[in-house]
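**Student:** Right, I'll just put the structure down here and ask away after.
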Amino acid sequence: MSESKFHPSGASALTPKGPWAAKWVMARGVKTRYVEAGEGEPVILVHGAGPGAGGAFGFGMLIPVLAKHFRVIAIDLVGFGESDKPTNLMYSHQDHVNHLADIVHALQLAPVKLVGNSWGAYVVTRFALDHPEKTDRVFQIASGTIASAMGLSHNLTNLPGLKAFMAYDGTKQKLREFLESILLTKPSDALVDARHAMASLPGAEAAHTAMRAFMKSMPNDPNLKQRFQIKDRLPAMTIPMQMVWGEKDAFAPVDFAHGLMKLLPNVRIDILSNAGHQAQTDAPDEVNKLVLDFLLGKSA
């Protein structure tokens with residue numbers, strides 16, 4: 001494992017400023033980038049699947065809060081950020097679950113606390129189901145992926161967020177439209193520029209295209225669908241779990257949260273009236289407190 005010198009910009013022009021150090025680790029052949037801050041028990045943060053996504057972009061407001069209590073590691077999933085983008089992957093959920101497992105093994109982190117948003121929330125949940133002995137707690141932020149894997153249905157084709165995701169064509173304008181669909185707070189020009197630069201790195205467009213192809217094919221492929229589903233496993237999971245959802249989510253509708261409340265009656269699910277799909281960015285104070293209290297064992 002190699003480590004950059006600490007730099008307020010994360011040692012990369014593509015990473016937003018923050019109190020973290022940029023680091024790299026080889027995780028089963030994948031050169032993986034992550035940002036790290038704080039000391040103590042490890043907490044891994046896993047971002048969503050939007051173009052230009054990465055650990056620091058997804059959790060920039062949460063990292064400093066958690067770093068006062070934990071060793072926080074916000075990863076760039078394979079195919080995203082500055083991590084490798086191999087061409088031999090489907091970029092399925094399972095590929096990312098496997099990558100997370102490889103990171104945990106390479107950094108010798110188990111047991112870990114996990115926080116995930118959207119696609120990343122499913123990744124951390126599946127990791128916990130597959131590796132319960134390596135998982136301490138799981139916090140999920142707004143995940144239509146989890147809802148779908150639990151058997152909940154919705155006319156997703158009409159959702160502005162998903163339409164913007166599928167319409168992304170590599171241009172800055174389409175990226176701006178995607179960010180506007182997942183955030184209530186207007187994305188700054190600086191954020192759009194930085195995420196577009198990240199999404200324009202070699203291999204990023206091919207990885208995004210492969211992921212969209214997987215998303216289209218998976219519902220009609222019984223083998224992929226069977227691997228994706230967790231409706232028989234998640235209700236039986238004994239690892240502490242908590243969720244938060246934005247009431248104005250245009251990517252994963254809040255109806256999903258209400259449906260999950262019925263399927264997972266022992267899981268606390270908070271709904272925030274002032275947040276969209278990336279609730280940790282729209283309502284950072286509320287989400288930061290919910291996550292911190294949960295990871296410290298102060299809530300359900």
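**Student:** At R0 = 30 Å, how high is the FRET efficiency between residue 285 and residue 186 if r is their beta carbon distance? Nearest 0.05 is fine. Walk me through the intermediate numbers first.
**Tutor:** Working: r = 19 Å, r/R0 = 0.62.
FRET efficiency, residue 285 to residue 186: 0.95.
**Student:** Also: If you average the sequence gap of Cα pairs under 8 Å that are 6 or more apart and divide by the length of the chain, what percent do you get for the contact order?
**Tutor:** Numbers: 614 pairs, mean separation 53.7, N = 300.
It rounds to 18 percent for the chain.
**Student:** So which lysines can residue 248 reach, going by Cα to Cα under 29 Å and dropping same-chain residues fewer than 8 places off?
**Tutor:** 17, 113, 163, 172, 174, 186, 216, 225, 231, 262, 289, 298
**Student:** Cα atoms only, the range 204-247: Rg and Dmax in Å?
**Tutor:** 14.8, 38
**Student:** Test of understanding: in a Gaussian network model of the chain with alpha carbons linked when under 10 Å, which of 206, 236, 22 would top the mean-square fluctuation ranking?
**Tutor:** The residue with the greatest mean-square fluctuation here is 236.
**Student:** Enumerate the amide H contacts of residue 49 below 5 Å, restricted to partners 5 or more residues apart or on another chain; note that Pro and chain-start residues carry no placed amide H.
**Tutor:** Answer set, sorted by chain and number: 119, 120.
**Student:** Please tell me the relative contact order of the range 172-300 in percent, rounded to the nearest whole number, where contacts are Cα pairs under 8 Å and at least six residues apart.
**Tutor:** Details: 118 pairs, mean separation 33.1, N = 129.
It rounds to 26 percent for the range 172-300.
**Student:** Order these by the 10 Å Cβ neighbour count, fewest first: 125, 209.
**Tutor:** Ascending Cβ contact count within 10 Å gives the list 209, 125.
**Student:** Which whole-angstrom value gives the distance between the alpha carbon centres of the range 23-82 and the range 121-182?
**Tutor:** Cα centres, the range 23-82 to the range 121-182: 17 Å.
**Student:** Another question, then. Using θ = phi - 60° and the Karplus form 6.51 cos²θ - 1.76 cosθ + 1.60, what ³J(HN,Hα) does each residue of the range 183-188 get, whole Hz, x for Gly and Pro?
**Tutor:** With the stated coefficients, the range 183-188 comes to 10, 7, 6, 5, x, 6 Hz.
**Student:** Here's another thing I want to ask about it. Counting helices only, and only those DSSP H runs with n ≥ 4, report the 222 nm mean residue ellipticity of the chain as the sum of -39,500 (n - 2.57) divided by its residues, in deg cm²/dmol to the nearest 500. Show your work: numbers first, answer last.
**Tutor:** On the way: 13 runs with 119 residues, N = 300.
So the calculated ellipticity at 222 nm is -11500 deg cm²/dmol.
**Student:** Under the definition of Cα pairs under 8 Å and six or more residues apart, what whole-number percent is the relative contact order of the range 47-184? Don't skip to the answer; put the middle values down first.
**Tutor:** Values: 161 pairs, mean separation 27.0, N = 138.
The normalised contact order for the range 47-184 reaches 20 percent.
**Student:** Okay, next question. So, how do all the Cα-to-Cα distances of the chain break down into 10 Å bins, in percent, from 0 on up?
**Tutor:** 6, 31, 40, 21, 2
**Student:** Ranking 231, 134 by Cβ neighbours within 10 Å, fewest first, what do you get?
**Tutor:** On the way: 231 12, 134 16.
Ranked by crowding around the Cβ, least crowded first: 231, 134.
**Student:** In what sequence do 299, 217 fall when counting other Cβ within 10 Å, fewest first? Mind dumping the intermediate values first?
**Tutor:** Values: 299 16, 217 13.
The fewest-first ordering by Cβ neighbours comes to 217, 299.
**Student:** If you look at just the Cα atoms of the range 186-298, how large are its Rg and its Dmax in Å?
**Tutor:** Cα radius of gyration and Dmax of the range 186-298 are 17.5, 44 Å respectively.
A short reminder: the numbers here are calculations on the coordinates, not readings from a lab. Owing to the predicted nature of the structure, the values given are computational and were not obtained by experimental measurement. Glycine also receives a Cβ, built like all others from the backbone with ideal geometry; neighbour counts cover every protein chain displayed.
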